[in-house]
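Undergrad: Quick one: the structure is below, questions incoming.
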Amino acid sequence: MTIKEFFSFRANRFFWLNILAMPVVLIILVFVTLWWLDAYTHHGEGVIVPDVKHKPVAEALRALEAEGLQGAVTDSTYVKTLPAGCVLEYNPPMNQKVKKGRIIYLTVNTQNVPLMELPDVADNSSLREAEARLLAAGFKLMPNDTVPGEKDWVYGVKMDGRVLGQQEKVPQGAYLTIVVGDGLSHTEIEVDTLGMDSLGVHQEVEATGAADESWF
């Protein structure tokens, strides 16, 4: 092949038409691809997440479906002051713009009161320390029960009149009664009782003697 033949393609108009057509075709392909992606992903289309907080789960799901969204319960927690089964939180949150068909993840209020392990305070702490630990754990305290023993020493914890075992699990926020020593030992009580009894006997003897003397 001669050099003249090698460069003869420059005189071929179809060659130059192909060269010019290539970028045009490439641009068209790019625009078609972008249009298809917009149509497939619904680019620019969106809905506002409605307010479903504190609504029952069934009602919240219906409200989301009415907006073209999907709801899914993914977590639960316990709030005593709110009804069981209501929506506590959700993500994405209210008023956020999302695409249709987006899944909204719900956190609901559980129907069962969670159980908590009782802090180890029985025969292990003073009254002040036990009160602080129980209140910090979220329990409510009833008036204390007293028993003979070291003053302000905790001997046990009761719920509904029943003595609880160490580290027993009880409902969160339960009302508890601390069993605490009154500062009097069993020996002191027995001595005091004997003293009162002997005093009573002595008084009876004196009264009897006085009555006998008056007889004479």
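The values are calculated or read from the model by the stated rules, or taken from the named source; none is laboratory data. Because the structure is predicted, anything quoted here is derived from the model rather than measured. Don't worry about glycine lacking a Cβ; one is built from the backbone with ideal geometry, like all the others, and counts go over all protein chains shown.
Undergrad: Is at least one residue of the stretch 186-208 surrounded by 13 or more Cβ atoms within 10 Å (Cβ to Cβ), more than 23 Å from the chain's Cα centre (by Cα) and modelled with pLDDT of 50 or more? Spell out the reasoning first.
TA: Taking the stretch 186-208 first, the residues surrounded by 13 or more Cβ atoms within 10 Å (Cβ to Cβ) are none.
No, that holds for no residue.
Undergrad: Applying the selection to the stretch 71-81, what residues are surrounded by 14 or more Cβ atoms within 10 Å (Cβ to Cβ) and free of Cβ contacts under 8 Å to residues at least 40 places away in the same chain? Full working, then the answer.
TA: Within the stretch 71-81, the subset surrounded by 14 or more Cβ atoms within 10 Å (Cβ to Cβ) is 71, 73, 76, 78.
Passing the criteria: 71, 73, 76.
Undergrad: Out of the stretch 60-88, which residues are within 19 Å of residue 47 (Cα to Cα) and in a strand (DSSP E or B)?
TA: Those that are within 19 Å of residue 47 (Cα to Cα) and in a strand (DSSP E or B): 70, 71, 72.
Undergrad: Only one of 2, 33, 41 is modelled with pLDDT under 65 and closer than 30 Å to residue 92 by Cβ. Can you tell me which?
TA: After applying the criteria, what remains is 41.
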